[in-house]
Amino acid sequence: MALGILTLVFCAANLPLLAGWVTERVDGANFFAPYYDYLARVVRSGHWLLWNPFSNAGSPDFAEPQIGALSPLTLGWALLAGPGALAFRLYWLGLWLLGGVGMFILAWALGAPVWGRLLLGMSFVFCGYYMGHAQHLSVVHAASFLPWIVWRLDRALRTGRRWVAGEAGALWGFSALAGNPALTICTGLFLGAWAGARVLGAGVRWRRAAGAMAIVAGVGVVVLAPAIFSFKYESQGYSDRSGPLPRAMVLESNTIEPAGLAAILSPYLPLLAATLDAPETTGTAMSPMYFGAAPLLLALLALATPGRRGWKWSVLALALLFLGCTLGTSLPLRGWLYDFVPPTRYFRHPNMFRLYFIFAVLVLAVPATRGIEVWRRAGAVPVAVARQCGVLAVGLALAGLAALLVPMLQLGRSGAEGPLALTHAALAWGGLATLAVALAVRPRWLAHFPAALVTLAAIDLLGAHRLSAPCAFASASDAATHPAGQRSPVELGAPGLARGRVAAGNEHLYLPAPVYCSYAALLNVQHMLSAESGELMRFALGPERMWFAPAVVEAPLSAEAVALLTQEAATRHAPVLLWHPRATMLRGSASGAFGSAPDAGPEPALDGAAIHAAPSAIPVPCVVQTYRADALTLRVTAPGDGWLLVTDRWSRSWQASVNGVEVPVDGGNFFFRLVPVRAGENVVAMRFEPFLLWPLLALSWSTLLVFGAAAGWRQLRAATARGRSFSIPLPCAASS
């Protein structure tokens, strides 16, 4: 019944999305929804999404974990439900609800009564982290796996069962197959910190904890290997995101200022700050931290009451540690992680860590729910505890109301939703103080306290959801309409050469139709610069976009080289062919879209005179024999020995042969494919062959299958045992 209530409340809150009254916003509408639609079309056509020829002149989309092209969960749902807005939204909300159910299960495992599980499940699924990141499906995916992973890890730590630790590792790896890589790394850190908290505060032996974490890491790496290895391997040379980010960018991008921590007390503060044209550090998607008034009171009450103090203070230290990481440059914690934990150099946004603060505080509330249930069954609550609860509730109520009123008074305005925010604060904090004071005055009222607390929490969280809705949803009237795709999602044919220019919102994926530049995460600075100037882009559009030159010039991957090539192209009205050996492509740019990568290495010198003296390339007629997602075969006639520039994006997994002879595929004009050809007719065959993908994917999925089958068998045996022990008394037995 409690799980049913949790599901019902969640679906009721999100009914406008299911009914189509609101829609996804920003990244949800421009990235995740169109990519899900395209993935579903590819899967239903009987293919894997490996190379996407429709976006950014070609993209290795299987190597972008956030798309979920290697996740059995995402692929299974896409195959079952197919494309479409409703299918995407059901998948999105299903993943979101999975987090609340996981917190419900974890609270049960930690000993919370049924009403406490319901309260904490609602608090997690409606918390500000979900509301702020609702548009980021990959963040929702990774966050929703967190309580499930911790549930199995904690059981492994308490029982010493190695197989259960393997289950935690399998779930962690599973979360990475379609999750945000930053959260995959952060969750790994949190699991280690959780094990440490159990050692320090709950008496778990450190050898058991170390062994459990070793198993989690080993199994998890096996499961996540296809996604993370493919990202690291395939993006090298294709995207500037393949290397670590600069330290300053990691610490300063979307951090939370100390004053922003007041958002713990009000869901409206991030939106109020957004009305001030606030800087990026207080972006509405990255700032919400509210998770309800009741859990915060319960967490403080748990700290104030005796019993298991070591564990409770360890969880508090865990919460504060990750909260400190959200503050970026205000504290040194995030900088220390960058210096001493190399994987944390690959993502920015310090406020991503606030998920683990919210999670730890909810866990800290569990002992208080357990204590209240014990006192409720005993029929009396200690007077000192009742008074502590009243004092804490009144103090929190004053702080919560002040957190909202003070900035409103300072600004002299409350915003469009100000009256609703004030009403919500009065109900949430004032109602909580009223309940606690009533308990302190009349301890016998304890029998009704849990039900009243859960009811108040539901009202509080539904109000917070309503206030935070602009972070998650947009008006349906602002949503673009997308025609149903008529073309094959994997076969382009000769018409595929005539690609379009730019699709900022990825609407081309609904058709699908090839474009030169679109919205994606695997960014490349040279590609972005060429799209901005337009002079280089026009040579890669239309049916005549294969270029021949008798000679090429080696050049670095730099913005200066892009500017020089653009100038030459504008003067000649034809491109010059620049050559970038495979080693240069893999080394990448030293000045990428996200700053200078520490391991980018030196670039070759830029020879402007050689580029100026190089011959102009000429378009060569070609006959398209095969043009699909993973293969391109052209028949071209070259006027002499030289080089052919194929204006599809370069990637290290592309192989090529010319007239049946294998040739290297080097980089040309920064991000295209360059192959040598002979005078006369040439059959150029290119094929996309991802390195180690299939062995890694088979190992990953088989590991998930083994753990999933074992868990299912265990549950089946338990259900069978319960059935055998359950008997219905017959009338004759009753009468006798």
Seminar exercise, completed: Among residues of segment 345-384 being surrounded by fewer than 21 Cβ atoms within 10 Å (Cβ to Cβ) and among the β-branched types (Val, Ile, Thr), the residue farthest from Phe231 (Cα to Cα) is Val383
Exercise. Can we say Leu327 is in contact with an Asp or Glu (Cβ under 9 Å, 6 or more places away or on another chain) and crowded, with 19+ Cβ neighbours inside 10 Å?
Worked result: yes
Problem set entry | segment 621-632 residues that are within 18 Å of Trp48 (Cβ to Cβ), paired with ones that are part of a strand (DSSP E or B) (beta carbon under 6 Å, 6 or more apart) | Thr626/Thr633; Arg628/Glu491; Asp630/Phe688; Ala631/Arg687; Leu632/Met686
For this session: Keeping to segment 547-590, report how many residues are in a strand (DSSP E or B) and not charged (D, E, K, R).
Result: 8
Seminar exercise, completed: Reported set for segment 56-104 where residues are out of contact with any helix residue (DSSP H, G or I) (no Cβ under 6 Å at 6 or more places or on another chain) and of a type in the set (Ser, Thr, Tyr) is Ser59, Ser71, Thr74
Problem set entry | Among (1) within 30 Å of Asn30 (Cβ to Cβ); (2) out of contact with any strand residue (DSSP E or B) (no Cβ under 9 Å at 6 or more places or on another chain); (3) surrounded by fewer than 24 Cβ atoms within 10 Å (Cβ to Cβ) - the single one Gly201 does not satisfy | (1)
Exercise. Out of all the residues in segment 432-476, which are among the charged types (D, E, K, R) and either under 32 Å from the mean Cα position of the chain (by Cα) or at pLDDT 90 or above (or both)?
Worked result: Asp460, Arg466
Exercise. Is it the case that Trp77 is more than 16 Å from the chain's Cα centre (by Cα) and modelled with pLDDT of 95 or more?
Worked result: yes
Exercise. Which of the residues belonging to segment 1-27 are surrounded by fewer than 19 Cβ atoms within 10 Å (Cβ to Cβ) and of a type in the set (Val, Ile, Thr)?
Worked result: Ile5, Thr7, Val26
Seminar exercise, completed: Residue hits (segment 654-665; at pLDDT below 95 and buried (at least 21 other Cβ atoms within 10 Å of the Cβ)) are none
For this session: Search segment 99-113 for residues that are closer than 17 Å to His141 by Cα and pair each with any residue that is of a type in the set (Val, Ile, Thr) and surrounded by 24 or more Cβ atoms within 10 Å (Cβ to Cβ) when their beta-carbon atoms are under 6 Å apart and the residues are at least 6 apart or on different chains.
Result: Gly99/Val125; Gly100/Val125
For this session: Go through segment 158-185 and give me each residue that's without any contact (Cβ under 8 Å) to a residue 60 or more places away in the chain and surrounded by fewer than 24 Cβ atoms within 10 Å (Cβ to Cβ).
Result: Arg158, Thr159, Gly160, Arg161, Arg162, Val164
For this session: Return the pairs, sorted by first residue and then second, in which the second residue is assigned to a helix (DSSP H, G or I), the first residue lies in segment 546-569 and is free of Cβ contacts under 8 Å to residues at least 40 places away in the same chain, the beta carbons are less than 6 Å apart, and the residues are 6+ apart or on different chains.
Result: Thr566/Ser533
Problem set entry | Residues satisfying the stated conditions in segment 397-431, i.e. hydroxyl-bearing (Ser, Thr, Tyr) and either more than 33 Å from the chain's Cα centre (by Cα) or loosely packed, with under 15 Cβ neighbours inside 10 Å (or both) | Thr423
Problem set entry | Long-range neighbours under 6 Å by Cβ, at least six apart or interchain, first residue on the phi > 0 side of the Ramachandran plot and surrounded by fewer than 22 Cβ atoms within 10 Å (Cβ to Cβ) within segment 669-693, second part of a strand (DSSP E or B) and of a type in the set (Asp, Glu) | none
Exercise. Is segment 33-43 home to any residue that is buried (at least 24 other Cβ atoms within 10 Å of the Cβ), touching a residue at least 24 places away in the same chain (Cβ under 8 Å) and within 23 Å of Cys127 (Cα to Cα)?
Worked result: yes
Exercise. Do we have Ala474 as surrounded by fewer than 20 Cβ atoms within 10 Å (Cβ to Cβ) and not in a helix (DSSP H, G or I) here?
Worked result: yes
Problem set entry | Count of residues meeting criterion [among the small types (Gly, Ala, Ser) and closer than 14 Å to Arg442 by Cα] in segment 378-396 | 5
For this session: Scan segment 328-345 and report the pairs whose first residue is without any contact (Cβ under 8 Å) to a residue 12 or more places away in the chain and over 13 Å from Ala182 (Cα atoms) and whose second residue is in a helix (DSSP H, G or I) and of a type outside the set (A, V, I, L, M, F, W, C), with Cβ atoms within less than 7 Å and a gap of 6+ or a chain change.
Result: Leu331/Gly324
Problem set entry | Test result for Arg499, of a type in the set (D, E, K, R), in contact (Cβ under 8 Å) with a residue 60 or more places away in the chain and surrounded by 16 or more Cβ atoms within 10 Å (Cβ to Cβ) | yes
Problem set entry | Tabulated pairs, segment 504-524, first at positive phi, second assigned to a helix (DSSP H, G or I) and not basic (Lys, Arg), C-beta under 7 angstrom, 6+ apart or interchain | Asn506/Asn30; Asn506/Phe31; Asn506/Pro34; Asn506/Tyr35
Seminar exercise, completed: Filtering segment 217-241 down to residues that are farther than 13 Å from Thr703 by Cβ, in a helix (DSSP H, G or I) and touching a residue at least 60 places away in the same chain (Cβ under 8 Å) yields Ala227, Ile228, Phe229, Ser230, Phe231, Tyr233, Glu234, Ser235, Asp240, Arg241
Exercise. Among the residues of segment 477-504 satisfying the criterion of being under 30 Å from Pro267 (Cβ atoms) and of a type outside the set (D, E, K, R), which is farthest from the chain's Cα centre (by Cα)?
Worked result: Ser477
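The values are calculated or read from the model by the stated rules, or taken from the named source; none is laboratory data. Values in this document were obtained by computation on a predicted structure and should not be read as measured data. Ideal geometry is used to build each Cβ from the backbone, glycine not excepted, and the neighbour counts take in all protein chains shown.
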